[in-house]
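Colleague: If you scroll down you'll find the structure; I have some questions about it.
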Amino acid sequence: MNSFWSLVGFEYKKILHKKSVRIVLLLSILISAVSVGGTLFGSNYINGKVYESNYAAMVKDREYARGLAGRKLDGKLIREAVKAYSKIPPSGRYQDTVEYQTFARPYSPVYSIIRTIYNTESSRFNMEDFQVLSGDKAEQFYSMRRKEQVQLVNETGMSSKAKEQVLALDAELKIPFTFSYTDGYTRFFVMLYTFGLTAAFVMAVCTAPIFAGEYTSGADQLILASKYGKNKLITAKLFTGFSIAASIALVFIVVDYILSMCIFGLDGGGAPLQLFMPLSPYPLTMGQTAWLLAASTFFACLMTAAVTMLLSAKLKSPFGVIILVGLLLIVPMFLNVPESNIVLYNLFHLLPANMMPLWAVTDGIQYELFGLVLRPYVFFPLFAVLICVFLAPFAYRSFKNHQIV
């Protein structure tokens, strides 16, 4: 056992000893960290003049939202928001008016939620419509939300069993929603996709040479002829690859969470996810969603590590491995598979890059296998673990059976 850990330590030294690896790690973390507060740079302008900095705007909106925290998002609050917005005069850009800044802005989070439900494919709901929203329609918010949810679910290609389960989950939501300030969590959600992709690519740069580097240097001949070359050393390499991938993923996730909460605020962990995604059918809090999204991103990175090490064992150059993994992470961003083909749609979202966005992790379309109906945030980590278990032996045998020249 001591020899195994010695081999793991040696592999870590080989990876981290490279100056290029340390630079990539440091720069990627620094750039990602700065991007968390990227929206706070710059200023807001009204009539060509600076009105307030983005940071000051965030602080002001945070105080407005905290002023509404704990209130029920019901007809009474919606009518208050409508009354405030009704004071805005006709304007090309209503945010520039004194009336918006004075009366309506404190209710802007309420308007954002309401707009999502009332805005349909056949009828676009804008600020002018909100200004004249009737009291009866304000009271119908949750019935309209449910109606739209039923329509969305029934239009999917899921089985009747899956549709029933999704609608049953939606029925479990505690209504009316209790409002809360949630920008710390929403920023974490938005940035985690970028952090996850960056972590996966950095991990690929670190692990690509694990096997392919030995081919390039010619050390594979010595390794495979050594005492531990065909068993313990290969296992140590695989352990090193997965453990360094896990470490990198955890570092990026933790950095994103800490910075998001420190900059924007810790509020809202117990708030319903529907404050950010009004049509989500899952009875989850923002805090629970953060854990599920982090878990899916973490295991997506591990799956990327498994693919990277298999390619490393197959190819002759680490550079080729990095290029292929980079394409695996980037290309899906430019592709789209319609929901009408539900099988292809679900398969497409099992690519590592597609297991990281919040909308995919909390997608209402379920995975159905052998009579089981699994939610995406459950299926993604399970699938990633299975792929890791499946690919690791192939990487092991590919390097072990490599023909020494």
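Colleague: Testing Phe370 on (1) without any contact (Cβ under 8 Å) to a residue 60 or more places away in the chain; (2) within 17 Å of the chain's Cα centre (by Cα), one condition comes back false. Which one is that?
Modeller: (2)
Colleague: Would you say Asn341 is over 13 Å from the mean Cα position of the chain (by Cα), without any contact (Cβ under 8 Å) to a residue 60 or more places away in the chain and more than 16 Å from Phe380 (Cα to Cα)?
Modeller: Values: over 13 Å from the mean Cα position of the chain (by Cα): yes; without any contact (Cβ under 8 Å) to a residue 60 or more places away in the chain: no; more than 16 Å from Phe380 (Cα to Cα): yes.
No: the conditions fail for Asn341.
Colleague: Another question about this same structure. Regarding the stretch 27-45, can at least one residue be identified that is under 33 Å from the mean Cα position of the chain (by Cα), in a loop (DSSP other than H, G, I, E, B), at pLDDT below 95 and small (Gly, Ala, Ser)?
Modeller: Step one: of the stretch 27-45, the residues under 33 Å from the mean Cα position of the chain (by Cα) are 27-45.
Retained after the next criterion (residues that are in a loop (DSSP other than H, G, I, E, B)): 37, 41-42.
Okay, now just the ones that are also at pLDDT below 95, so 37, 41-42.
From the residues that got through so far, the ones that are small (Gly, Ala, Ser) too are 37, 42.
Checking the stretch 27-45: at least one residue is under 33 Å from the mean Cα position of the chain (by Cα), in a loop (DSSP other than H, G, I, E, B), at pLDDT below 95 and small (Gly, Ala, Ser).
Residues are listed down the side, and each one gets a yes or a no for (1) small (Gly, Ala, Ser); (2) assigned to a helix (DSSP H, G or I):
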residue: Ala236; (1), (2): yes, yes
residue: Phe242; (1), (2): no, yes
residue: Ala245; (1), (2): yes, yes
residue: Val251; (1), (2): no, yes
residue: Val254; (1), (2): no, yes
residue: Met261; (1), (2): no, yes
residue: Leu266; (1), (2): no, no
residue: Pro281; (1), (2): no, no
residue: Ala290; (1), (2): yes, yes
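Colleague: Being within 25 Å of Leu279 (Cα to Cα), assigned by TED's automatic domain parsing to the domain that holds Leu273 and of a type in the set (A, V, I, L, M, F, W, C) is true for just one of Leu315, Leu324, Leu293, Leu311. Which residue is that?
Modeller: Working: Leu315 fails: within 25 Å of Leu279 (Cα to Cα); Leu324 fails: within 25 Å of Leu279 (Cα to Cα); Leu311 fails: within 25 Å of Leu279 (Cα to Cα).
Of Leu315, Leu324, Leu293, Leu311, the one residue that is within 25 Å of Leu279 (Cα to Cα), assigned by TED's automatic domain parsing to the domain that holds Leu273 and of a type in the set (A, V, I, L, M, F, W, C) is Leu293.
Colleague: Between a first residue in the stretch 162-180 that is in contact (Cβ under 8 Å) with a residue 24 or more places away in the chain and a second residue that is aromatic (Phe, Trp, Tyr) and not in a loop (DSSP other than H, G, I, E, B), which pairs have beta carbons less than 8 Å apart while being 6 or more apart in sequence or on different chains?
Modeller: Ile175/Tyr142; Pro176/Tyr142
Colleague: To continue, here is another question. Exactly one condition in (1) in contact with a strand residue (DSSP E or B) (Cβ under 7 Å, 6 or more places away or on another chain); (2) without any contact (Cβ under 8 Å) to a residue 24 or more places away in the chain is not met by Asp96; state its number.
Modeller: If we test Asp96 against (1) in contact with a strand residue (DSSP E or B) (Cβ under 7 Å, 6 or more places away or on another chain); (2) without any contact (Cβ under 8 Å) to a residue 24 or more places away in the chain, just (2) comes out false.
Colleague: Within the stretch 76-100, how many residues are buried (at least 17 other Cβ atoms within 10 Å of the Cβ) and either part of a helix (DSSP H, G or I) or modelled with pLDDT of 95 or more (or both)? Before the answer, list the steps.
Modeller: So the first thing to find is which residues in the stretch 76-100 are buried (at least 17 other Cβ atoms within 10 Å of the Cβ), and the list is 77-78, 81-82, 84-85, 88, 94, 97, 100.
Pick out the ones that are also either part of a helix (DSSP H, G or I) or modelled with pLDDT of 95 or more (or both) and you get 77-78, 81-82, 84-85, 94, 100.
Residues in the stretch 76-100 being buried (at least 17 other Cβ atoms within 10 Å of the Cβ) and either part of a helix (DSSP H, G or I) or modelled with pLDDT of 95 or more (or both): 8 in total.
Colleague: Do we have Gly67 as small (Gly, Ala, Ser) and within 30 Å of Leu173 (Cα to Cα) here?
Modeller: Numbers: small (Gly, Ala, Ser): yes; within 30 Å of Leu173 (Cα to Cα): yes.
Yes; evaluated as a whole, the condition is true for this residue.
The values are calculated or read from the model by the stated rules, or taken from the named source; none is laboratory data. Not measured: the values here are computed from a predicted model. Positions of Cβ are backbone-derived with ideal geometry, glycine not excepted, and every protein chain shown enters the neighbour counts.
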